[in-house]
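Report on the following structure.
The values are calculated or read from the model by the stated rules, or taken from the named source; none is laboratory data. Here the structure is a predicted model, which is why all the values come from computation and not from measurement. Here the Cβ positions follow ideal geometry from the backbone for every residue, glycine too, while neighbour counts run over all protein chains shown.
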Amino acid sequence: MSGQGASEKIREFCNVEKFSIAFFYELERRGLGPLMLDVPGTRFRRVVESHESWRARMAALAKTEDAKLETERRRAQAAIAGKVAAASPRHVSKQRKSAERAPAAANRLLRGK
């Protein structure tokens, strides 16, 4: 943000930070969004925290032990999910190639089935 005390729309904040509005609301739901100004009884909502202070807060949060544990947990979960998916008979690596299917389809057409 440019000036002291300036505020900006949620969309503007998201454009500067290069993430979607849906992700903004996900951050807000988790309590990680920027400070907001809400005027009761209206739809007026503005981001009042500067980008620099929000980024600093996110960087400090990423360095905490809980964040590191969560990152490791997600990596382990992704590895397990990948192994389960690869073991599935429906996995792309277990599908017949289109070139293998083409002669079978041609044979069915020749036999009239």
Provide a single number: the residues in the range 16-35 that are free of Cβ contacts under 8 Å to residues at least 12 places away in the same chain and in a helix (DSSP H, G or I).
8
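Can you tell me which residues in the range 31-54 are small (Gly, Ala, Ser) and either out of contact with any helix residue (DSSP H, G or I) (no Cβ under 7 Å at 6 or more places or on another chain) or under 13 Å from GLU12 (Cβ atoms) (or both)? Quick ask: steps written out before the conclusion?
So in the range 31-54, the residues small (Gly, Ala, Ser) come out as 31, 33, 41, 50, 53.
Answer for the range 31-54, where residues must be small (Gly, Ala, Ser) and either out of contact with any helix residue (DSSP H, G or I) (no Cβ under 7 Å at 6 or more places or on another chain) or under 13 Å from GLU12 (Cβ atoms) (or both): GLY31, GLY41, SER50, SER53.
Tell me the residue from ARG46, ARG90, ARG96 that is over 20 Å from the mean Cα position of the chain (by Cα), outside any helix (DSSP H, G or I) and surrounded by 10 or more Cβ atoms within 10 Å (Cβ to Cβ), please. Walk me through it before giving the result.
Numbers: ARG90 fails: surrounded by 10 or more Cβ atoms within 10 Å (Cβ to Cβ); ARG96 fails: surrounded by 10 or more Cβ atoms within 10 Å (Cβ to Cβ).
Result of the check over ARG46, ARG90, ARG96: ARG46.
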Across the range 55-83, the tally of residues that are touching a helix residue (DSSP H, G or I) at 6+ places or on another chain (Cβ under 7 Å) and in a loop (DSSP other than H, G, I, E, B) stands at 0
For the range 18-54, which positions are more than 14 Å from SER7 (Cα to Cα) and of a type in the set (Gly, Ala, Ser)?
SER20, ALA22, GLY31, GLY33, GLY41
Pairs, first at pLDDT 90 or above in the range 39-67, second surrounded by 11 or more Cβ atoms within 10 Å (Cβ to Cβ) and of a type in the set (S, T, N, Q), C-beta under 6 Å, six or more apart:
none
